[in-house]
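Heads up, the thing below is written out as C-alpha cells.
The values are calculated or read from the model by the stated rules, or taken from the named source; none is laboratory data. Quick caveat, the model's predicted, so the values are computed rather than measured. Quick reminder, even Gly has a Cβ in these numbers, built from the backbone with ideal geometry, and neighbours come from all protein chains shown. With ligands, DNA and RNA removed, areas are computed over all heavy atoms of the protein, side chains included. Shrake-Rupley method; radii C 1.70, N 1.55, O 1.52, S 1.80 Å.
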Amino acid sequence: MKENPFRFGTVVDGIYFTDREDEQSEIGSFLKSENHLIIISPRRFGKTSLIKKILAGSDRRFIYLDMQLVLSEEDFAAQLLKRIYRLFPVQKLKNYIKSFRLIPSVIMNPVTGEVEVSFSPGSRDLAPLEDVLNLIEKLGKPDDKMIVVLDEFQDIFRINTGLDRMLRSVIQVHKNINYVFMGSSESMIREIFEKKDSPFYRFGILYPLGKIREVKFRLFLEYNFTGVAGDPGTISEDILRITGSHPYYTQQLAFMVWELLNRKVQEQEVVAELAADEIVRSHDNDFELLWNTLNRTDMMLLAGMSESNVSPLSDEFRKQFGTGASSTVFSTLQRLIKRGMVIRDEMGYFIDDPFFRRWIKIRRRV
C-alpha cells in the first residue's frame, strides 16, 4: 500500500512541503540584502518548515535556534556556541574561545562527535552571550555572511526582561550576519519591532506569513488523492472548507481522510466530515480541559464564533450572542489571540483550530 503522503506536527520538506514558492523567492531575496528579517505568523502555519527549506537550499552557513527551549542567558550562549561547533572545526574555534571573558565547558562525545557546551549557571552574566554573538560575526565575511535564525523571538522577555536592549546593542554593529527573527505572537513581535521606544524599533523587514493559497493547496491535495479517491477534487474542496486552508489542520485532516479511504470507507461523499469527527473524538479530553481554562466571557465569544462567520465586533454578533460592549469583546479577542486560540487575518477573526470550533458546536448541540 502506498504511504500516506500527508504530514503534520513536524518540520516537513520534499514531497510533503506544499507551495510557498513566492515566499521562498521573497525571503531568499531578502537574505541576500543587507537587511534583517522579521517573520510573523500564527503557530502551525509552517514558518519553521519554510525557513529551514530556504536555508537548506542556500549555500550559506546558518544557525537556527528555537528560543522556547532556551532556559537562561547562559543557556542562550551555550546553545548558540554548540551550533557554531557544528559548523567549524574545533581547532579553528580554540583561539577565539580563549579570548572569552568566561571560558565555557566544552565536552566532545567520542561516539557521536557532538559537542556539549555550558557556561557557569546562575551567574546571570551577559558576557558569554555577547562573546558568542561577536564570535559569529568574526566567523562571517562580507561575501560569505552567516544567517542566524532566532525562532519564537518573543521569548527573550521570559529569559530576561532587559535582554532586548543587550541584544540590540551587540547586534546593531554586526556586518557579517543576516538575522532572522520569527515569532507566533503577533502582538508581542510587533511591539518589539514597531513600538518606537523599543530597542529593536524598525530593525528589519517585517514579513507576515499567511495561509497557503487555497488554489495551490487544492492542487496539492488533488494530486495526492488521485488514485485513492474516486473524486479527488471534491474531497480536496471538502477538506479545505472544513479547515479554512490552515496549513497544519489541512494536513491533519488530509492524513485522516487518507486513512479512512484506505480502510475502504464507502461514503466518499462525506469522508472529510467523518474524518473531522474522528479527529474531534480523539481530542475530546484535550478540548474539554482547554475549555475549562476559559472564563465566561471567553466561552461566550468562542461559542458565538463557532456558530457564526459574522464579525465578533459587529452589532449583529453582540445582539445574537450577548457578548456585551465592543470594548469587552475586543479585549477578549486580544487575550485569546495571545493564547493562540484565535487568529486574525485580512478577512477577520477566526478560531485557530477548526476541530476545537467543531467540538464546541457538537457539545452545545448534544
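Determine whether the range 213-227 contains at least one residue that is among the hydrophobic types (A, V, I, L, M, F, W, C), assigned to a strand (DSSP E or B) and touching a residue at least 40 places away in the same chain (Cβ under 8 Å).
The answer is no, given that none of the residues of the range 213-227 is among the hydrophobic types (A, V, I, L, M, F, W, C), assigned to a strand (DSSP E or B) and touching a residue at least 40 places away in the same chain (Cβ under 8 Å).
Report, ordered by the first and then the second residue, all pairs with beta carbons closer than 9 Å, sequence separation of six or more or different chains, a first member in the range 98-127 that is closer than 20 Å to V70 by Cβ and touching a residue at least 60 places away in the same chain (Cβ under 8 Å), and a second member that is charged (D, E, K, R) and surrounded by fewer than 13 Cβ atoms within 10 Å (Cβ to Cβ).
Matching pairs, first to second residue: none at all.
What's the number of the condition F100 fails, among (1) of a type in the set (A, V, I, L, M, F, W, C); (2) under 32 Å from the mean Cα position of the chain (by Cα); (3) closer than 27 Å to R158 by Cα; (4) open to solvent by less than 50 Å² (accessible area, probe 1.4 Å)?
(2)
Of the numbered conditions (1) farther than 23 Å from L69 by Cβ; (2) among the acidic types (D, E); (3) touching a Pro at 6+ places or on another chain (Cβ under 9 Å), D164 fails exactly one; give the number of that condition.
That leaves (1) as the condition not met.
Regarding R318, is this residue crowded, with 16+ Cβ neighbours inside 10 Å, farther than 24 Å from E186 by Cβ and of a type in the set (K, R)? Show your work before the answer.
Numbers: crowded, with 16+ Cβ neighbours inside 10 Å: yes; farther than 24 Å from E186 by Cβ: yes; of a type in the set (K, R): yes.
Yes; evaluated as a whole, the condition is true for this residue.
Every residue in the range 72-97 that is surrounded by fewer than 18 Cβ atoms within 10 Å (Cβ to Cβ), more than 20 Å from L150 (Cβ to Cβ) and in contact with a helix residue (DSSP H, G or I) (Cβ under 7 Å, 6 or more places away or on another chain), please.
Hit for the range 72-97 is Y96, nothing else.
Only one of (1) at pLDDT 90 or above; (2) assigned to a helix (DSSP H, G or I); (3) within 20 Å of N176 (Cβ to Cβ); (4) open to solvent by 40 Å² or more (accessible area, probe 1.4 Å) is not met by F30, so which one is it?
Only one criterion in (1) at pLDDT 90 or above; (2) assigned to a helix (DSSP H, G or I); (3) within 20 Å of N176 (Cβ to Cβ); (4) open to solvent by 40 Å² or more (accessible area, probe 1.4 Å) is unmet by F30, namely (1).
So, restricting to strands (runs of 3 or more DSSP E) that lie completely within the range 51-158, which ones have at least 1 residues that are out of contact with any Pro (no Cβ under 9 Å at 6 or more places or on another chain) and over 21 Å from N178 (Cα atoms)?
105-108, 115-118
Between A325, A272, A303, which is at pLDDT 95 or above and of a type in the set (G, A, S)? Reasoning before the result, please.
Values: A325 fails: at pLDDT 95 or above; A272 fails: at pLDDT 95 or above.
Going through A325, A272, A303 in turn, the sole match is A303.
Tell me yes or no: at least one residue of the range 177-194 is open to solvent by 10 Å² or more (accessible area, probe 1.4 Å), under 21 Å from N35 (Cα atoms) and out of contact with any helix residue (DSSP H, G or I) (no Cβ under 9 Å at 6 or more places or on another chain).
Yes, the conditions are met somewhere in the range 177-194.
Read through the list (1) hydrophobic (A, V, I, L, M, F, W, C); (2) open to solvent by 10 Å² or more (accessible area, probe 1.4 Å); (3) free of Cβ contacts under 8 Å to residues at least 40 places away in the same chain; (4) in a loop (DSSP other than H, G, I, E, B), then give the number of the only condition that F200 fails.
Unmet condition: (2).
What's the number of the condition L209 fails, among (1) open to solvent by less than 30 Å² (accessible area, probe 1.4 Å); (2) without any contact (Cβ under 8 Å) to a residue 60 or more places away in the chain?
Looking at each condition in turn, L209 falls short on (2).
For the list (1) modelled with pLDDT of 90 or more; (2) more than 30 Å from the chain's Cα centre (by Cα), I need the number of the one condition that N95 fails.
So the condition that N95 fails would be (1).
Tell me, please, whether a residue that is at pLDDT 90 or above, open to solvent by 60 Å² or more (accessible area, probe 1.4 Å), over 21 Å from M146 (Cβ atoms) and touching an Asp or Glu at 6+ places or on another chain (Cβ under 6 Å) can be found in the range 58-71.
Yes, the range 58-71 contains at least one residue that is at pLDDT 90 or above, open to solvent by 60 Å² or more (accessible area, probe 1.4 Å), over 21 Å from M146 (Cβ atoms) and touching an Asp or Glu at 6+ places or on another chain (Cβ under 6 Å).
Which pairs turn up if I take residues in the range 352-366 that are closer than 10 Å to V280 by Cα and look for partners that are open to solvent by 60 Å² or more (accessible area, probe 1.4 Å) and assigned to a helix (DSSP H, G or I) with beta carbon separation below 8 Å, at least 6 apart in sequence or on another chain?
Listed by first residue and then by second, the contacts come to nothing, as the list is empty.
If the Cβ limit is 6 Å and pairs must be 6+ apart or interchain, which residue in the range 278-291 that is in contact (Cβ under 8 Å) with a residue 24 or more places away in the chain pairs with which residue that is assigned to a helix (DSSP H, G or I)?
I279/M256; I279/F355; V280/F355; V280/R358; V280/W359; F287/F356; F287/W359
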